[in-house]
Amino acid sequence: MESVSRRTLLVGSGAFAAAGLLGACDTAADSGGGGAKSGARTLTWWDHSPNLKPINLKTFTEFEKRPDGAKVQYTLQQTSKMGQALQLAKQSHQLPDITTAAGLDGLPLSSLVEGGWFQPLQLESEALARLKPNLYDGFHRIDGKLYTFPLFHTRTHSTALWFNTELAEKAGLDPAAPPRTFDDFRAAARKMQDASGGGNGWICNLGMTPRLGAQVDDLAESCGFLGAGGQLFRTGEFAYHDPAFLTAIEFLQSMAKDKLMAPGSNTMDDKEARARFATGRIGYYLDGPWCAGVINETLKAFSPKLGGTGLLTPDAGTKPAVYVPPTNGMYHITATAKDAALASKLLSMATTEEYYVGIAKGMARPPLDLKAIDKAGVLPAYKAVVDSFQTEAFLAPSRLLKNPAVSAVQAKSKPITPGLGEIVQGVFSGDVTDLKAELIKLSDAANKQQDANIAAATKAGAKVSRDDFVFPDWTPHVDYGPEKYK
């Protein structure tokens, strides 16, 4: 099928149905996808997160029973196909009433609003009161109007350390005291491998380059990189060749050189790597908080053996840290939805304690209200990982909060190839022989693209400059909160 770019919509009202992208459709009353009863008010809802399906179906059932409610026709899309399905649906005037924005090329909310995708929410006053401290201009509000809201807590990352507690005990390690430094990790992985009976100390999803790039970025920040996404906060310059990135990549590479990495890691995605990890013969795996939820759902026999902790650091004297932006919104009401008030009533139910407990039960990204975790009966490993996030994830400076016009620059950004993930993958395959030189090329390309995008946005009328990307007052290990922009 022809791919869809961020600027091009596929044409043809018949293309949407023919594409077969509707996915598996469920309703609250009939999870087999029977559809709404004739004559009943119905809302259509598209999603890409299977972790949220149980709480969403429960919420839909409750909403249908309300006098002011309606039936909900629910479609769970494949994440990789969601963007194209939305593009085709928009072109053929078949958008759902409520949807996520997954796959829309990472466009900022302002661009999606300007492009006619979404309309403002009309949330109930109680819901707005609960959300107020976590709503940000540019991320959730455009021109004072609310278009979406966060479901998940800001403090999270994709590089928690998950491990096999049973194998750790067999290796003479204390599962209650997992390794926290690179050297301790290598030593523990060696002991795990020796005790595994033919297994390996560590497994990695090197074949999933976007995730690999994000994990290397997390590790670089934990190694002392003074920025995020390869961009230094205090200067606005991209610096992928910073020593922190070299340290992080060389650490991962050392696991392969020491023959502690599982064979096949070079081509594995997260699904394959996680399944191999859960066989019980692998010591460690780096992954996000969703690792616990996926294992508990699809690899349940391994759940009692799962251990978890936070981010590794290069040495005991380095405090772990990653820097994260405000959490984007999850759900939106499309511009073509005929009853935004009704859809808003349903979305208001996604701000309650019951809903947050439902999120926590899925053990993916932590819910906005962390107190819900204690009521959700989660695995101890998940609780340990989420607890670690609270001391090692910090709110990063945001160019968008400093100047909303930065969205015009963001809208012009395109992936640079090879990116960080591809470069690291090349290090492991042997295709990249001069790591620093490749990282310098990536830094140069990113800086040139940013300068070009600023110039293009300025020419088009946006009031934006490189100064909007510079935060000279930023301090490591401290939240850069909303008060900084006043």
- Given (1) on the phi < 0 side of the Ramachandran plot; (2) surrounded by fewer than 17 Cβ atoms within 10 Å (Cβ to Cβ), number of the condition K259 does not satisfy: (1)
- Every pair of residues 6+ apart whose Cβ atoms lie under 6 Å, when the first sits in the stretch 304-321 and is of a type in the set (D, E) while the second is surrounded by 13 or more Cβ atoms within 10 Å (Cβ to Cβ): D315/T181
- Note on the structure: Counting only residues that are surrounded by 22 or more Cβ atoms within 10 Å (Cβ to Cβ) and small (G, A, S), the stretch 214-238 contains a total of 4
- Take D467 and decide whether it is under 16 Å from G236 (Cα atoms) and either in the same structural domain as G236 (by TED's automatic domain parsing) or without any contact (Cβ under 8 Å) to a residue 60 or more places away in the chain (or both). yes
- For L226, state whether it is over 25 Å from E169 (Cα atoms), in contact with a Lys or Arg (Cβ under 7 Å, 6 or more places away or on another chain) and at pLDDT 95 or above. yes
- Note on the structure: Reported set for the stretch 112-129 where residues are surrounded by 19 or more Cβ atoms within 10 Å (Cβ to Cβ) and part of a helix (DSSP H, G or I) is L112, V113, A127
- Search result, residues across the stretch 197-213 that are under 19 Å from Y240 (Cα atoms) and crowded, with 24+ Cβ neighbours inside 10 Å: L206, L212
- Task: Test L86 against the stated conditions and say whether it is among the aliphatic types (A, V, I, L, M), outside the structural domain of S222 (by TED's automatic domain parsing) and either buried (at least 19 other Cβ atoms within 10 Å of the Cβ) or assigned to a loop (DSSP other than H, G, I, E, B) (or both).
- Result: yes
- Query: Give me the pairs: first residue in the stretch 134-153 and in the same structural domain as E353 (by TED's automatic domain parsing), second residue in a strand (DSSP E or B) and among the polar types (S, T, N, Q), beta-carbon distance under 8 Å, and six or more apart or on different chains, which are they?
  - Reply: Y147/Q119
- Message: Exactly one of these conditions fails for K375: (1) modelled with pLDDT of 95 or more; (2) in the same structural domain as F238 (by TED's automatic domain parsing); (3) surrounded by fewer than 17 Cβ atoms within 10 Å (Cβ to Cβ). Give me its number.
- Response: (2)
- Message: I need the full set of residues from the stretch 60-83 which are of a type in the set (K, R), under 18 Å from S49 (Cβ atoms) and outside any helix (DSSP H, G or I), in order please.
- Response: none
- Item | helices (runs of 4 or more DSSP H) enclosed by the stretch 297-393 - at least 2 residues per element that are of a type in the set (D, E) | 353-362, 380-392
- Give the stretch 294-328 a look and list any residue that's more than 28 Å from T475 (Cβ to Cβ), buried (at least 21 other Cβ atoms within 10 Å of the Cβ) and of a type outside the set (A, V, I, L, M, F, W, C), or say none. G307, G308
- Query: Name the residues in the stretch 400-449 that are free of Cβ contacts under 8 Å to residues at least 24 places away in the same chain and part of a loop (DSSP other than H, G, I, E, B), would you?
  - Reply: P415, T417, G430, D431, V432, T433, D434
- Task: Scan the stretch 95-111 residue by residue and report those that are acidic (D, E) and surrounded by fewer than 21 Cβ atoms within 10 Å (Cβ to Cβ).
- Result: D105
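The values are calculated or read from the model by the stated rules, or taken from the named source; none is laboratory data. None of the values given here were measured: they were computed from a predicted structure. Here Cβ is always computed from backbone atoms with ideal geometry, including for glycine, and neighbour counts include all displayed protein chains.
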